[in-house]
Each structure stands twice: as C-alpha cells, then as structure tokens.
Amino acid sequence: MTSRSSSRVGGRAEQGVALIVALVMLVIIALMSVSVIRGSLTSDLIANNARSQSLAQQSAELALRYCERQADAEIKAGTTTFILPALSDDDGNPANGRPTRWDTFTNWFGGGAVAVTVPDTVLVSVDSPVKPPSPQCLPEYTFLNDGTTQVVLVTARGFSPDYQQDSTGRTTAGSVVWLQSMLRFN
C-alpha cells in the first residue's frame, strides 16, 4: 500500500510541473509576439521616414530648378531684381570667401526673410488634393575664393508633406532638405 501512495504523490507533482511549463511557454510565445510586432512597427517607421526624406528632397530640387531658371532669365534680360547682390568682404582676404545670406535663418523665416517662396502654380498639379508646404530658394551673387570670379549661389530648402514648424520657424516634425548650386554665367 505504501507504494501506491507514493506513485499518486508523484503523479500529482508531475501534473503541477506540466502546468508551470505550459505557462512559461505561453509567456515566451507572448514575448516573442510582442517583439515581432515591435519590429514590424519599427520597419514601418523607417519606411515612412525614408519616404518623407525623399519627398523633401524632391521639393528642394524643384525649388532649386525654379530659382536657377529665374536667375538665368534675369541674367539674359539684364535685370537685377531677382538675384541678391553680393555681400561685402568682411576681412579683406578673398581666400576666406565672402559672407553669404543663406546660412542666416532670419533670411528664411520671419518679417525680414529674403528667401523666395516657390509659387503654387509651380507646385500643385490641377488634380492634386494635397498642398505640400511651399519650398523656398535664395539666389545671391558671391565670389569664389580667387576674389574675382563672380557666381550665383542658389540655395533651396524643401519640406516633406508632414513638415511642421514652431512659431520661431524651427522644425518640429517632418523633414527638411537643403540643396545648393553655383551658376557661372559668361
């Protein structure tokens, strides 16, 4: 009789172990499921960021082409209204380059902004329901480091459709892409 009692106790102990093992396996499966879901969400965020960056790049390229065309037309017409004049050489050393306007944020945002906003007619197609933030460009004359070769420095910035800024013009969401080109006219 003693042997029967001990086998019963052993059987009950094994049933308890099976329950614990099953619960541990369920916890492991749940943790792995959460990990897979998080991974897929992360890849979605990465894809969205790449898309946002690509759209901002295209917007900046559009602004750059717009300003380059306008600058070319102004040079050919012999007018001087679109391209800003070169700033004076502060230190007198041409090798240091001339100061430029593009790297001063107040030239892009606020009451004293001199950047050109690309017109909506250039941006939006007739059937598009979306109006993305308008890209900007800033064309200015400057001199190369030799001190005598004058070029037009065109700087453009483009925004992604989800771009947002605060009251000071600083980016709070979305993407901003800056591009530059130099045009030399003979």
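Summary table
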| read-out | value |
| --- | --- |
| Qualifying residues in segment 113-159 (those that are of a type in the set (A, V, I, L, M, F, W, C) and over 30 Å from residue 90 (Cα atoms)) - the one surrounded by the most Cβ atoms within 10 Å (Cβ to Cβ) | 159 |
| Subset of segment 49-88 (residues that are touching a helix residue (DSSP H, G or I) at 6+ places or on another chain (Cβ under 8 Å), surrounded by 12 or more Cβ atoms within 10 Å (Cβ to Cβ) and in a loop (DSSP other than H, G, I, E, B)) | 82, 83 |
| Positions within segment 127-149 being more than 25 Å from residue 61 (Cβ to Cβ) and not acidic (Asp, Glu), in sequence order | 143, 145, 147, 148, 149 |
| Count of residues meeting criterion [more than 30 Å from residue 86 (Cβ to Cβ) and assigned to a strand (DSSP E or B)] in segment 121-176 | 3 |
| Some residue of segment 84-95 being touching an Asp or Glu at 6+ places or on another chain (Cβ under 7 Å) and at pLDDT 90 or above | yes |
| Residue match in segment 100-112 (condition: closer than 20 Å to residue 153 by Cα, of a type in the set (Lys, Arg) and without any contact (Cβ under 8 Å) to a residue 12 or more places away in the chain) | no |
| Condition met for residue 77 (under 15 Å from residue 151 (Cβ atoms), over 27 Å from the mean Cα position of the chain (by Cα) and of a type outside the set (D, E, K, R)) | no |
| Of residues in segment 177-186 being of a type outside the set (Lys, Arg) and part of a loop (DSSP other than H, G, I, E, B), the one modelled with the lowest pLDDT | 186 |
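The values are calculated or read from the model by the stated rules, or taken from the named source; none is laboratory data. Note that the coordinates shown come from a computational prediction; the quantities given were computed from them, not determined experimentally. Cβ coordinates were reconstructed from backbone atoms using ideal geometry, including for glycine residues, and neighbour counts include every protein chain displayed.
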